[in-house]
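Read the figures in this text as sums done on the coordinates, not as results from a lab. Note that the structure is predicted; figures quoted are calculated from it, not measured. Positions of Cβ are backbone-derived with ideal geometry, glycine not excepted, and every protein chain shown enters the neighbour counts.
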Amino acid sequence: MAPSKTPAIRLLHIIGEAEAINRALDGVLRMDFEDSWVLQRAVEHGLLIISEAAKSLPSDLKDNAPNVAWRKIETLGNFLRHEYRDVDPELIWSITQDYLPNFLAAVRLLAESLREVESV
């Protein structure tokens, strides 16, 4: 497996994108997000990368975070890729505000546990 495609690297990609989304939305109001095509597309792209990286994580690693809706994350990527004209900014906003913080915390824990296992 290429070094850039290891589970540890994929987890770092997810963390990096989630943190970038959080930074992009820091101080942004919902109505401002809904009015900004550029910001919407940036966040959608970050979510797409998160989805793609999550799809390549091994099942046994994902099993260590059972509270994460891995399948929904993967389907979100498919939706953003194939139903791009039907993406509702309210849905994207809701994902970033209601789901992303807990998801990011869970992925950080996974990454930390993986580092601990690899250092043994």
Exercise. Taking a point 7 angstrom from the Cα of R41 along the C-beta vector, which residues in the range 79-93 have backbone N less than 17 Å away?
Worked result: 80-89
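Could you list S51, S59, S36 so that the one with the fewest beta carbons within 10 Å of its beta carbon is first and the one with the most is last? Don't skip to the end; give the middle numbers.
Details: S51 22, S59 7, S36 15.
With the sparsest Cβ surroundings first, the list reads S59, S36, S51.
As an exercise, identify the GluC sites (Glu not before Pro) in the range 62-120 lying in DSSP coil whose Cβ has no more than 15 other Cβ atoms within 10 Å.
On the way: sites: E74, E83, E90, E112, E116, E118; in loops: E83.
Those that pass, being in a loop and sparsely packed, are E83.
Determine the sum of side-chain charges near N22: Lys and Arg each +1, Asp and Glu each -1, restricted to other residues whose C-beta is under 14 angstrom from that of N22. Numbers along the way, then the final one.
On the way: positive: R23, R108; negative: E17, E19, D26, D98.
In short, -2.
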Exercise. Between K55 and L12, how many nm apart are label points set 7 Å from Cα along the C-beta direction?
Worked result: 2.3 nm
Seminar exercise, completed: Taking every other residue with Cβ under 12 Å from the Cβ of E74 and scoring Lys and Arg +1, Asp and Glu -1, one gets +4
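Please work out how much length the chain gains when fully extended from A20 to R108, using 0.36 nm per residue of separation minus the C-alpha to C-alpha distance, in nm with one decimal.
This chain segment gains 30.2 nm when fully extended.
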Problem set entry | Selection from Y84, S94, S36, by position along the positive dipole direction of the chain (Cβ) | Y84
Seminar exercise, completed: In cubic angstrom per residue, the convex hull of the chain built on its Cα atoms measures 106 Å³
Exercise. Nearest 10 degrees, 0 to 90: what angle lies between the long axis of helix 100-118 and the longest principal axis of the chain (Cα atoms)?
Worked result: 20 degrees
